[in-house]
1. How big is the Cα convex hull of region 46-120 in projection, averaged over all directions, in nm²?
2. Give the residue list of trypsin sites (Lys or Arg not before Pro) in region 1-77 that are DSSP loop and have at most 16 other beta-carbon atoms within 10 angstrom.
3. To test your reading of the geometry: what angle, between 0 and 90 degrees and rounded to tens, separates the Cα axis of helix 112-125 from the longest principal axis of the chain?
4. What is the Cα convex hull volume of region 3-168 when expressed per residue in Å³?
5. What does region 124-170 give for Rg and for Dmax, in Å, if only its C-alpha atoms count?
6. Could you tell me which of 61, 94, 141 has its Cα farthest along the dipole of the chain towards the positive end, charges placed at Cβ (Lys, Arg +1; Asp, Glu -1), taken about the Cα centre?
7. Angle check, please: helix 136-148 long axis (alpha carbons) against the longest principal axis of the chain (alpha carbons), in degrees 0 to 90, nearest 10.
8. Taking the chain as a Gaussian network, where each spring joins two C-alpha atoms under 10 Å apart, which residue of 105, 69, 46 fluctuates the most?
Amino acid sequence: MTRRNMFYYLYALITMPGVVLHELSHAFFCVFSGIKVHEVKLFRFGNPAGYVVHDEPTKFLPGLLISLGPLLINSLLALLCFSQVKAPYLAVRPALFLWLGLALGLHAIPSTGDAKAIFNLANHCFWRNPLVIISYPFILLLYILNLLKRLHIDIVYVAVLFWLGNIYLK
């Protein structure tokens with residue numbers, strides 16, 4: 001096994017709770033919106049690390065919620081975890097919340113597939129609801145964030161969540 005593979009498996013194991021919550025968020029908003037779920041894979045080694053197969057939403061808001069669910073839920077729970085981190089950081093409880101916040105925050109940003117799903121739905125719903133035009137800048141932002149993930153922008157996002165949770169939610 002190469003060093004790169006070992007790093008990948010270690011990263012996948014450490015951040016597994018984030019992947020699981022990411023997929024559960026998609027599934028939750030599917031159920032919440034009345035969209036039928038066919039298959040859920042909460043975690044696996046590979047790309048993608050997890051997935052939810054569901055019917056295509058016919059309305060824009062449910063599709064938006066399903067795609068952005070991980071951003072909302074993972075971010076909120078990461079904030080909650082970071083708000084529980086107090087010095088000394090190497091004690092068991094703070095270290096646990098720090099790890100959990102990190103794992104959840106690293107998988108909060110919706111994938112390119114999620115952005116593509118919103119984009120396709122927005123294009124499909126545009127003539128029925130022209131207000132979907134306001135979603136295009138957010139869709140573009142998701143694509144840009146996914147490109148920047150290669151430069152580890154998700155770590156910057158987690159740092160911002162840590163700062164917000166640790167400073168403002170105490």
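Derivation of every value follows stated rules applied to the coordinates shown; laboratory data play no part. What you see is a predicted model; the values in this text were computed from it and never measured. Note that each Cβ is placed from the backbone with ideal geometry, even for glycine, and that neighbours are counted across all protein chains shown.
1. Values: hull surface 24.1 nm².
Its average projected convex-hull area is 6.0 nm².
2. Working: sites: 3, 4, 36, 41, 44, 59; in loops: 36, 44, 59.
Those satisfying the criteria are 36, 44, 59.
3. Between the helix axis and the principal axis of the chain, the angle is about 20 degrees.
4. Working: hull volume 20.2 nm³, N = 166.
So the per-residue Cα hull volume is 122 Å³.
5. 15.7, 46
6. Checked the options; the winner is 94.
7. 40 degrees
8. Checking each option, the largest mean-square fluctuation is seen for 46.
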